[in-house]
1. Does the stretch 127-167 hold any residues that are under 23 Å from residue 99 (Cα atoms), within 26 Å of the chain's Cα centre (by Cα) and not aromatic (Phe, Trp, Tyr), and which are they?
2. Only one of (1) touching a Pro at 6+ places or on another chain (Cβ under 6 Å); (2) farther than 20 Å from residue 456 by Cβ; (3) of a type in the set (A, V, I, L, M, F, W, C) fails for residue 402. Which number is that?
3. Test of understanding: among 224, 215, which residue is on the phi < 0 side of the Ramachandran plot, crowded, with 16+ Cβ neighbours inside 10 Å and in contact with a Phe, Trp or Tyr (Cβ under 8 Å, 6 or more places away or on another chain)?
4. Please indicate, with yes or no, whether at least one residue in the stretch 452-466 is modelled with pLDDT under 95, closer than 16 Å to residue 71 by Cβ, of a type outside the set (A, V, I, L, M, F, W, C) and open to solvent by less than 60 Å² (accessible area, probe 1.4 Å).
5. Tally the residues that are free of Cβ contacts under 8 Å to residues at least 60 places away in the same chain and open to solvent by less than 20 Å² (accessible area, probe 1.4 Å), restricting the search to the stretch 421-430.
6. Residue by residue through the stretch 38-75, note down the ones that are charged (D, E, K, R) and either under 15 Å from residue 473 (Cα atoms) or surrounded by fewer than 24 Cβ atoms within 10 Å (Cβ to Cβ) (or both).
7. Within the stretch 282-291, identify whether any single residue is within 20 Å of the chain's Cα centre (by Cα) and either without any contact (Cβ under 8 Å) to a residue 60 or more places away in the chain or under 30 Å from residue 232 (Cβ atoms) (or both), and answer yes or no.
8. Which ranges mark the strands (runs of 3 or more DSSP E) fully within the stretch 35-136 that have 1 or more residues being touching a strand residue (DSSP E or B) at 6+ places or on another chain (Cβ under 8 Å), hydroxyl-bearing (Ser, Thr, Tyr) and touching a residue at least 40 places away in the same chain (Cβ under 8 Å)?
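The values are calculated or read from the model by the stated rules, or taken from the named source; none is laboratory data. From a predicted model like this one, the values you see are computed outputs, not experimental measurements. Here the Cβ positions follow ideal geometry from the backbone for every residue, glycine too, while neighbour counts run over all protein chains shown. Heads up: the accessible areas ignore ligands, DNA and RNA and are worked out on the full protein's heavy atoms, side chains in. Shrake-Rupley method; radii C 1.70, N 1.55, O 1.52, S 1.80 Å.
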Amino acid sequence: MTQTDARPDIVVIITDQQRYDTIRALGFDHMDTPNIDRLVERGVSFTQCHVTAPSCVPCRASLFTGYYPHTNGVYANGQPWSRSWVEDLRSSGYRTVNIGKMHTIPYDAKAGFDERFVVENKDRYMEGRWFFDEWDKALASHGLRKQQREDYRKREDYRDRLGAFTWDLPAALQSDNYVGGVTQWWLETKPVVEPLFLVVGFPGPHPPYDPTPELAEKYMARDLPLPQVTPEELEDLHPAWKEKRLHDVEVDHDSVAWKLDPTPEELHRQRAYYYANVELIDTQVGQILDTLERRGRLDNTIIVFTSDHGDNLGDHGLSQKWAPYDQITRVPLIVCAPERFAGGRQMDGLVQLFDLGPTILEWAGLSPDPSLEAETLAPALEGAEFAGRDAVFCEQGGDVNMTGTSLLTMIRTHTHKMVLFHGATDGQLFDLQDDPGEQSNRWDDPACQGIKADLKARMLDWHIDSGWRTRDARRGIVAPAGERSWQ
C-alpha cells in the first residue's frame, strides 16, 4: 500500500518525570544517552521549556488541550479529562495511535486516538488500582504480576531505598522495555497508508525507580551529582513544603518512602537507579528510531522527545514533584526533522510544553483554534528570530500530596520566579541570576519588593487575558458543543 497523503508522520515520545539534566548531549556527562543525543545533534532543543503543571495528569491535560489548568479545570492527579486536539488530527485523515502512558482519566478514554495500548503508572495504589492495562495483561500471560508496593514493603531496607529497586523479573517485561517493544512491534506489523500521529508514553523514570540490574550497577559505580541542601535552606522552606516533607515521610507515594535526612549513600543509590532508568529508556528510543528508519518514511517524519515534568530527587529536601522548582518545571524538549528544520540548534527562549499542540496541528496543515493559550513553536523551528515568551506559568491544586496548600501558582521569567499559595500571605521569590539553584527565598527582602509587585501584576494580567481569550472555548471544554464529541 502506498501513502498518498504527503503530510509528515509525527512521533511524540514522552517520558514521565524526567529532569532536564539527564541528557549527555545537553551538557550532563554523568549520563549515557547516545540515542537521545542523536536527536539533539540532528534536531532543535528548547533549553528553557517549562510545564504548565508540576504533576502528571494536569500537565498532560494541558498539553493535549492547549489550555492552562485554570482554563480546562484539571488541576490535580486523578481529575477526569478525555478531550484532546488529537481528534482534529484524526478527523483530518491522520492515523492516531498511543502506545504507553497518556494518563487520561479514565485511563482508557479514546482522547481522539484510533488505537490505544494503555500502560499506566508502575505503582497504581489509589485511583485505578484494579484497572488492568496492557502491561498487567502481558505479565499475567507469563504467570507474573508486576513488582509493587506490597512486595517492596516487605523488605527490611524498604525505607532506606527511597523508591530505588532493581527490576528482577524478565527484562523485556520491565514497563519501559515493554512499551518500547510494543511500539517496535506495531511499527513493524501494522500497514498504514494514512499519515501517522504516534504518541509513545514511557512510564519511567517515574518511581519506583526500577532499572534492570546491570544498568543499576553501572550507575552505582559512578560519581553522580547529589543534592546540596543546607540547614538554612530547609529552615527557609515555605510552610507548604515543610508540611510536604512530613507528609512524604508518613505516606509512601509511588513506593518512595521519604526521609527527612537521607544519607549520601541513599541519595546516591536513588539517583543511580533514576539515571539508569533514563538510559534504559534511551535504549528503547534508539530501537524505535531504527524501526522508523526501516519502515522507510523517516525522511518525512518529525520526532519530538520530551517529558511531563521532572523530579526533585532530594533537591530542596523534597521528594518527587508538585513543588515548582526548576528541577520539576523544566523539561527536555527536542524536535528532530533534519529534512525540515536545520539541526544542531539550541533555542534559549522561554516556552511551555503545551506549545507543542498548535505546533503539531500546523505541521498537519491545520489551523489551531485561536482561543488556545499555547503558542506555536513553528517560527523558531523554521529559523525565524525567536525570543520566546516573556514569562511561563505553572499551576497545581487539590492534590493529595499538597496538604499544606490548596493551590499554587507560579510565574517565571528569565531573571526571577515567584510562587503564590492560595490563602497565604507569604510565598516564594527567587532571583535566578544570583541564585539559580532557588535556595534563597527573597519574599521579605526589602530590595525585592518592586520585582514582587511587578510579578504579581503580570500574573493578574495573565489571568485576565486568559479569561477573556478562552471565554467561548471554556463552554466546549466543560460540555462538548456542536458536532464535536471530543470523546
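1. 127, 128, 129, 133, 134, 136, 137, 138, 139, 146, 147, 148
2. Tallying (1) touching a Pro at 6+ places or on another chain (Cβ under 6 Å); (2) farther than 20 Å from residue 456 by Cβ; (3) of a type in the set (A, V, I, L, M, F, W, C), residue 402 fails exactly one: (1).
3. Working: 215 fails: in contact with a Phe, Trp or Tyr (Cβ under 8 Å, 6 or more places away or on another chain).
From the options 224, 215, the qualifying one is 224.
4. yes
5. Step one: filter the stretch 421-430 for residues free of Cβ contacts under 8 Å to residues at least 60 places away in the same chain, giving 422-423, 425, 429-430.
Then keep just the ones that are open to solvent by less than 20 Å² (accessible area, probe 1.4 Å); that gives 429-430.
Residues meeting the conditions: 2.
6. Going through the stretch 38-75, the residues charged (D, E, K, R) turn out to be 38, 41-42, 60.
Matches in the stretch 38-75: 38, 41, 42.
7. No, the stretch 282-291 has no match at all.
8. Values: elements: 44-50, 95-100, 115-118.
Correct list: 44-50, 95-100.
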